[in-house]
1. What is the set of long-range amide H partners of Asp321 at a cut-off below 5 Å, with H atoms built 1.01 Å from backbone N?
2. What residues qualify as long-range amide H neighbours of Arg163, i.e. H under 5 Å apart, gap of 5 or more or another chain, H built at 1.01 Å from N?
3. To the nearest 0.05, how large is the calculated FRET efficiency for Thr77 and Asp285 if R₀ is 22 Å and r is the Cβ-Cβ distance?
4. Give me the one-decimal nm value for the distance between modelled label points at Ala241 and Arg225, 7 Å along each residue's Cα-to-Cβ direction.
5. Say R0 is 25 Å: what FRET efficiency, to the nearest 0.05, do Leu165 and Leu198 get from their beta-carbon distance?
6. Work through the residues other than Glu32 whose Cβ is under 14 Å from its Cβ and net out their charges, Lys, Arg +1 and Asp, Glu -1.
7. Per the 1.4 Å probe, what fraction of the accessible area of the chain, in percent, lies on carbon and sulfur atoms?
8. For the chain, take every pair of Cα atoms, bin their distances at 10 Å starting from 0, and report each bin as a whole percent.
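The values are calculated or read from the model by the stated rules, or taken from the named source; none is laboratory data. It should be emphasised that the depicted structure is a prediction, and the values quoted were computed from it without experimental measurement. Don't worry about glycine lacking a Cβ; one is built from the backbone with ideal geometry, like all the others, and counts go over all protein chains shown. Heavy atoms of the whole protein, side chains included, go into the accessibility calculation; ligands, DNA and RNA do not. Shrake-Rupley method; radii C 1.70, N 1.55, O 1.52, S 1.80 Å.
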Amino acid sequence: MAEQKTPRATANRSTTPVSERFKEYISSGWAERTTPLPAPRPVAPFAAARRERISALHPGARLIIPAGPAKQRSNDTDYAYRAHSAFAHLTGWGSDSVPGSVLVLEPRSGDAPDRGHVATLYFREAAGRDSDEFYANPEIGEFWTGPRPTLAHVAAELGLATRGLGELDDVLATADRTTLLVRDADPGITARVDGARLLTIDPADLTGAPEEGDAALARELSELRLVKDAYEIDQMRLAIAATRQGFDDVVADRDEIVAHARGERLVEGTFNRRARAEGNAVGYDTIAASGPHACILHWTRNDGPVVPGNLILIDAGIELDSYYTADITRT
């Protein structure tokens, strides 16, 4: 990939030690890792079938499906990361996705119209503790955010060929009119693909703009998710069961909730605790609307009291690590 910018947390100051002595010190003394290859995830064959379905719709076209970058919240903190839904659906990689990853379906060579695609997952693989990244990059360094998986680890889990993110450069640089892209996933990749495609388009040929193909791909990927396979149905049932537990937790905490001046916040917190325990997070901001707030359909400020005898509207759902979620509304 292109040369990395200075990490944003240190872009306006020089606070990172640069001496070789410090680098040697900070990278030494760590416990050895044991990284046996994991078994394939149950979702792997289902994700492979989904890729085959989208492949059949676009013979001969290169398909690029980014996970998307992390989004900055403030200074050196990001919002909780969530990969693009199309990426998660086609890879089976959910809440533990590495930000900035990209799935590429490359058409197989040959003359047969149904030759299909080779799927490759590009991501920023684990870096060694002897690298500057380990301690000097608070955005992605292991010392700051924890270790990333190896290429072999992800390949074994997802049943996909994997490559380092740096190898994606050649793919993006050779994008042309046969390249289709999920445009809204990663603005940086969209800009690079658009730039490469412009170099291959004859200005006199205004038919079939690449963006039209991108829109068709987005629509097909969305429609692909409408019909659920057996794995998805099971995940949705698990999400519903977890969500019901969250509502039961709220009922169990009733006395504490009504005793607090901002009881709506306690409703939200109780439910969110269950969401983090059983899944990835809440599927959407929890609505805990009591008393006069109960007639506001999307009340998410949740800063009012819960008074005995008043109506309370709770609309909440738990999202699993696989990104499947439930939606239960109760009054």
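1. Placed amide hydrogens put Asn280 under 5 Å from Asp321.
2. The list, which skips near neighbours in sequence, is Leu121, Tyr122, Phe123.
3. 0.70
4. 2.4
5. Once rounded, the FRET efficiency stands at 0.60.
6. Value of the local net charge: +1.
7. Exposed carbon and sulfur together represent 54 percent of the surface.
8. With a bin width of 10 Å, the distribution comes to 5, 20, 26, 23, 18, 7, 1, 0.
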